Amino acid sequence: MHEPFSHEIVCTEASTTTMTTIRQFELNDLLKFNNVNTDILTETYNMSFYMAYMARWSECFLVAKAPHNSKIMGYVLGKTEGHGKLWHGHVSAVTVAPEYRRLGLAETLMRVFEDVCIQRNAYFVDLFVRNSNVLAISMYDKFGYSMYRRVLSYYSGALPEDALDMRHALPRDVNKESI
């Protein structure tokens, strides 16, 4: 059993410096995070999906809370999985509420998740992103992720869409075999 996780970061917004807290997602947060899921490109899931992550990978499901009103600013939903050299962290979702974007919060959430994966001895972190989501692809590229493969028709719907499997090697993958 891992200790509960909490981490404070400094955010500068409109010449005011405040402390944002990043901690493990809690059950009550499910009732407070709709403001984050308003973006049409944010994948949303049913409550049992989120609860399964909290139960199985609680240290990989992290939330950023605003210091002045405890409003949820964003979250990263992840897990660790695989075997051998395929043992890795997987980001199922990372998103930031519109009013908190452009502050570097998505990158901070990703880095904190990567730190958790390093502690869990993972070789790499991967994520899937819609082929059409150029902004997210560019953001992940900036964070050091590269395209590993294309997954055909990964996203269902009226028009199925391909996903890009993007990966970032962690220190355990000394020879960068995962990417």
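When residue 153 is tested against the conditions (1) closer than 24 Å to residue 39 by Cα; (2) hydroxyl-bearing (Ser, Thr, Tyr); (3) touching a residue at least 12 places away in the same chain (Cβ under 8 Å), the lone failure is (3). Within the stretch 91-120, residues that are over 15 Å from residue 25 (Cα atoms) sit with their Cβ atoms under 6 Å from residues that are of a type in the set (Val, Ile, Thr) and not in a helix (DSSP H, G or I), at 6+ positions apart or across chains, in these pairs: 97/36; 105/96; 106/94; 106/96; 108/9; 114/125; 117/125; 120/80.
Could you list, in sequence order, the residues of the stretch 116-150 that are within 22 Å of residue 81 (Cβ to Cβ), part of a helix (DSSP H, G or I) and aliphatic (A, V, I, L, M)? Don't jump to the end; show me each part of the working.
In the first step, residues of the stretch 116-150 are kept if they are within 22 Å of residue 81 (Cβ to Cβ); the result is 116-130, 136, 140, 143-150.
Keeping just the survivors that are part of a helix (DSSP H, G or I) gives 116-119, 136, 140.
Of everything in the stretch 116-150, those that are within 22 Å of residue 81 (Cβ to Cβ), part of a helix (DSSP H, G or I) and aliphatic (A, V, I, L, M) turn out to be 116, 118, 136.
Within the stretch 151-178, the set of residues being buried (at least 16 other Cβ atoms within 10 Å of the Cβ), of a type in the set (A, V, I, L, M, F, W, C) and in a loop (DSSP other than H, G, I, E, B) comprises just one member, 170. Kindly indicate whether any position in the stretch 25-35 is open to solvent by less than 30 Å² (accessible area, probe 1.4 Å) and either modelled with pLDDT of 90 or more or in a loop (DSSP other than H, G, I, E, B) (or both). Yes.
With the structure loaded, tell me whether residue 133 is under 21 Å from residue 28 (Cβ atoms) and of a type outside the set (Phe, Trp, Tyr) or whether it fails that test. So residue 133 fails the test.
Restricting the stretch 70-115 to residues that are in a helix (DSSP H, G or I) and basic (Lys, Arg) leaves a set whose member that is most open to solvent (accessible area, probe 1.4 Å) is 85. Scanning the stretch 116-140 for residues that are open to solvent by 60 Å² or more (accessible area, probe 1.4 Å) and either at pLDDT below 90 or closer than 13 Å to residue 169 by Cα (or both) yields 118, 121. Of everything listed in (1) open to solvent by 70 Å² or more (accessible area, probe 1.4 Å); (2) farther than 25 Å from residue 156 by Cβ; (3) of a type in the set (A, V, I, L, M, F, W, C), the single unmet condition for residue 51 is (2).
Please list, ordered by first then second residue, the pairs with beta carbon atoms under 9 Å, 6 or more apart or interchain, first in the stretch 64-81 and under 16 Å from residue 53 (Cβ atoms), second among the basic types (Lys, Arg) and surrounded by 16 or more Cβ atoms within 10 Å (Cβ to Cβ). Cβ pairs passing all conditions: 72/65; 80/120.
The values are calculated or read from the model by the stated rules, or taken from the named source; none is laboratory data. These numbers were taken from a predicted model, which means no experiment stands behind them. Counting neighbours? That spans all protein chains shown, and the Cβs are built from the backbone with ideal geometry, glycine included. What goes into the accessible areas is simple: the full protein's heavy atoms, side chains included, and nothing from ligands, DNA or RNA. Shrake-Rupley method; radii C 1.70, N 1.55, O 1.52, S 1.80 Å.
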